[in-house]
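Comments concern the structure below.
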Amino acid sequence: MASTDPTAEGHHELVSRPHDAPGEGPVAEAEAEAAQISDPSRPLGPIGARFNRKSPFLVGMAGAAGVAVTYALVLVLDSARSVLILIGLALFIAIGIEPLVSWLVNRRFPRWLAVTTVFLTALGALGGLLAAAVPIVVEQGTQFMRQAPEYLRQAQDRSTWLGELDERFHLREGIENALDGGAGLLDAGVLVFGALTDFLVLVVLTVYFVADLPRIRTALYRLVPHSRRPRAILLGDEISAKVGGYVLGNLAISGIAGVLTLAWLLIFGVPYAVLLAVTVAVLDLVPVVGSIIGGALISLVALTVSFPVFLATVGFVIAYRVAEDYLLIPKIIGTAVKVPALVTVVAVLLGGALLGVVGALVAIPIAAAGLLLMKEVLLPRLDNA
């Protein structure tokens, strides 16, 4: 018979009081056994015996549950796609920043002070860049908007170089279609507000990820079976180091591209030099295609100065691209991320097709991680099969 004692052993003192519900006989017996298996080292008792996995009922339930869970997971991933992209990008950036934080920690900085130092330095550099560049960019952008009608008028005149380009490539028609089909002023404001909100969320998530990265790392490795955990730690840390080297190296190369482009455009008097240099630096973050788009953009603007300046700018773009591919990338990030050229192009194209710009940004380190796992795990197993 169930005990009516409110202090009966095995019944939690904060759950379902009073302890006198009818029909508690079998439960009271289980509570008495629960009190016996609970001790200070294991207050919730030891792990129970495994279920019989070969039971037809469990096999059928597992199959049905697997289909249902997979379908539900697909729906959740699709509905939360934008949020998951932000979370993944924040984690990617956090892993990229981690080498700087760990470098400071190795020099006796507390973790919190190392994270604060890195982010304050980054925010200070970004703030200084914005303070110096934004007024010029706004001014040059305003000038461009004022000159846009004149450029459209020249595009209608076939005797000008813009008219010749428009006749060949139908530039004016494409611009007008884009403007007609584009968002209105209110929609554009909503897009800008959404972009700023996403950026702030990205910054906050990155800060939290960097601050808690040691605990996140420990939690992830705890999910790996004990027998495989040492090997998983070696592979996982190597992949993290590759991501970190790639992120920091890519930022450095992008800065070099922006500075050299600015110097070239100022020397030859190409208009909107600062605006174009910032655009090239941002586009250069996207592997393979980013520098091509940036080079084409500054070459077209250089054509407004003169045809010789246009040819010289094309030569500069090609020379810098060769120097970046064969000098800067091997020296700065080549030791961290060794990915063949063919794999790089295919990865960037697939990443861009799946996730847009974000996919293109993370494609190369993901490809490097895949190559590492294939080399260290898949190929040895296949060789020994």
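General observations
- Matching residues, region 282-293, being β-branched (V, I, T) and part of a loop (DSSP other than H, G, I, E, B): V286, V288
- Residues located in region 293-316, provided they are touching a residue at least 24 places away in the same chain (Cβ under 8 Å) and under 29 Å from the mean Cα position of the chain (by Cα): G294, G295, I298
- One residue alone among L285, L265, L260 is in the same structural domain as A347 (by TED's automatic domain parsing) and farther than 29 Å from P365 by Cα, and that residue is L265.
- Subset of region 233-276 that is part of a helix (DSSP H, G or I) and among the hydroxyl-bearing types (S, T, Y) - its residue that is farthest from A94 (Cα to Cα): T261
- Boolean, A296 is surrounded by fewer than 16 Cβ atoms within 10 Å (Cβ to Cβ), touching a Gly at 6+ places or on another chain (Cβ under 8 Å) and not in a loop (DSSP other than H, G, I, E, B): no
- Tally, over region 307-331, of residues that are surrounded by 13 or more Cβ atoms within 10 Å (Cβ to Cβ) and farther than 18 Å from A341 by Cα: 8
- Filter result for T279 (crowded, with 21+ Cβ neighbours inside 10 Å, in contact with a helix residue (DSSP H, G or I) (Cβ under 8 Å, 6 or more places away or on another chain), in a helix (DSSP H, G or I) and polar (S, T, N, Q)): no
- Every residue from region 332-349 that is surrounded by fewer than 17 Cβ atoms within 10 Å (Cβ to Cβ) and not in a helix (DSSP H, G or I): G334, T335, K338, P340
The values are calculated or read from the model by the stated rules, or taken from the named source; none is laboratory data. Quantities reported herein were computed from a predicted structural model and do not represent experimental measurements. Ideal geometry is used to build each Cβ from the backbone, glycine not excepted, and the neighbour counts take in all protein chains shown.
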